[in-house]
Amino acid sequence: MHYDIKKIYFKAFYCKSGNLLSILSVLYFFQDIFQQRPSISQAERIARLMFLECLAMMAVDREEIVPPGKGLMCAKHFKKYYATTRIPGTQHDTLCSRYLSKHFVLTHKGRYYKVNAYDENNRLHSIEYLTEAVNEILASEDEAVDGEEYIAALTTDDRSRWCKNRERFFLSNAINRQALEIIESAITFGSIEDFDLFSSIKGNPELLDHLDKFMLVGNGKNVWADKSVCFSVSRNARIAGYSQET
């Protein structure tokens, strides 16, 4: 009898429900920390990140990226990097991908914003256009409605509880269901912060430890734990983020 070990691991272990996703299913990374960067605004840094992520997503779709190990490993996993969400279940989660999505979701001061990365003709917007879109978010004086800033915290809860709350607060409400679909189908999820990250932490393990914790769980309400990729951009245009083990 033949067993597909990969599928068994994926369903029985990786998608196993009941645990805190942000602790058990995250491989985290960081950049822009150990060296000084040229002067760049927060909005432009986010715009450049979104632009490059779209280029990478299209390169994966066109099979232009060489698989790891010069072909020894499958490049199929690259497609799970973008527009992928873990849908919570009472027993097992389900991995859902809306590959070649066309928008990002950004959160700022408790509000959620959809940023279209492509125009009506499916052409990628320029960095300048995306920078202006982010600047409009930064300049917005709209305030979060009651409880809005804590919504993402629901995704960091026990998976079975999040499954029930997802059904209760989102799927059973037409407006909330539509908002959830926008978040879950986004290319990635990003948080625009109103504080600075360290310009350098070289040789300081305490600052590095602080950054590691922030990348893993954020502040508890600025990470959509279901998304395959989440990132935060500080006021001084530094990036921290994580990627799930998809």
> Would you list D93, D226, D158 from fewest to most Cβ contacts within 10 Å?
Replying inline: D158, D93, D226
> Can you count the Lys pairs in the range 39-244 whose Cα atoms are under 17 Å apart, with each pair 8 or more apart or on different chains?
Replying inline: 10
> What ranking of H77, H108 emerges when the number of other C-beta atoms within 10 Å of each C-beta is taken as an exposure proxy, fewest first?
Replying inline: H77, H108
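Reported to two decimal places, what Rg/Rh ratio describes the range 39-244 when computed on Cα atoms with Rh from the Kirkwood expression?
Values: Rg = 17.4 Å, Rh = 18.1 Å.
Over the Cα atoms of the range 39-244, Rg/Rh equals 0.96.
In percent, what relative contact order does the range 39-244 have, based on Cα pairs under 8 Å that are 6 or more apart in sequence?
Working: 319 pairs, mean separation 56.9, N = 206.
Relative contact order comes out at 28 percent.
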> Expressed in nm to one decimal, what extension gain is obtained for the pair K213 and L171 from 0.36 nm per residue of sequence separation less their Cα-Cα distance?
Replying inline: 12.0 nm
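Each value in this text was obtained by applying a stated rule to the coordinates, not by laboratory testing. Note that the coordinates shown come from a computational prediction; the quantities given were computed from them, not determined experimentally. As a convention, Cβ positions derive from the backbone with ideal geometry for all residues, glycine included, and neighbour counts pool all protein chains shown.
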